[in-house]
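J.: Please read through the structure below; I'll follow up with questions.
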Amino acid sequence: MLQLELQLFAVPFRKVSKTRGRKRRTHYKISENQTTTCPKCGATVRPHRVCKECGTYKGKEVIKKEDAA
Ligand SMILES: [Zn+2]
């Protein structure tokens, strides 16, 4: 006997038009970069990154800076 293996899954009822998809995506926006202040020099830095101004991370020197030494 012929046996068909059917796999049923959710299928969109109809195509989402260009306009409809674009309208939905009008709410997609890029957010501004998060920033924190360096505990050592107080400069604005991105979180979880070494401070560009004094070369420290979590208060410890990571990169040697000639002028700030
Ligand atoms: Zn710093």
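The values are calculated or read from the model by the stated rules, or taken from the named source; none is laboratory data. Predicted, not measured: the structure shown is a model, and the values here were computed from it. Quick reminder, even Gly has a Cβ in these numbers, built from the backbone with ideal geometry, and neighbours come from all protein chains shown.
J.: Please go through the stretch 14-47 and pick out each residue that is assigned to a loop (DSSP other than H, G, I, E, B) and within 16 Å of the ligand (Cβ to nearest atom). Please lay out each step first, then the result.
T.: Initial filter on the stretch 14-47 (assigned to a loop (DSSP other than H, G, I, E, B)): 14-17, 28-35, 38-43, 46-47.
Thr35, Cys38, Pro39, Lys40, Cys41, Gly42, Ala43, Arg46, Pro47 - these are the residues of the stretch 14-47 that are assigned to a loop (DSSP other than H, G, I, E, B) and within 16 Å of the ligand (Cβ to nearest atom).
J.: Give all pairs with beta carbons closer than 8 Å in which a residue from the stretch 48-60 that is more than 8 Å from the ligand (Cβ to nearest atom) meets a residue that is not in a strand (DSSP E or B); count only pairs at least 6 apart in sequence or on separate chains.
T.: These pairs meet every condition: Val50/Val62; Val50/Ile63; Tyr57/Arg49; Tyr57/Val50; Tyr57/Cys51; Lys58/Pro39; Gly59/Pro39; Gly59/Lys40.
J.: For the structure I just gave you, tell me whether Val11 is assigned to a loop (DSSP other than H, G, I, E, B) and surrounded by fewer than 10 Cβ atoms within 10 Å (Cβ to Cβ). Break it down into steps so the answer makes sense when it comes.
T.: Working: assigned to a loop (DSSP other than H, G, I, E, B): yes; surrounded by fewer than 10 Cβ atoms within 10 Å (Cβ to Cβ): yes.
Yes.
J.: Right, another one. Filter the stretch 49-69 down to the residues that are exposed (fewer than 13 other Cβ atoms within 10 Å of the Cβ) and out of contact with any Gly (no Cβ under 8 Å at 6 or more places or on another chain), then identify the one that is modelled with the lowest pLDDT.
T.: Within the stretch 49-69, the match that is modelled with the lowest pLDDT is Ala69.
J.: Exactly one condition in (1) away from the ligand (no atom under 13 Å from the Cβ); (2) at positive phi is false for Glu5; which is it?
T.: Glu5 satisfies all of (1) away from the ligand (no atom under 13 Å from the Cβ); (2) at positive phi except (2).
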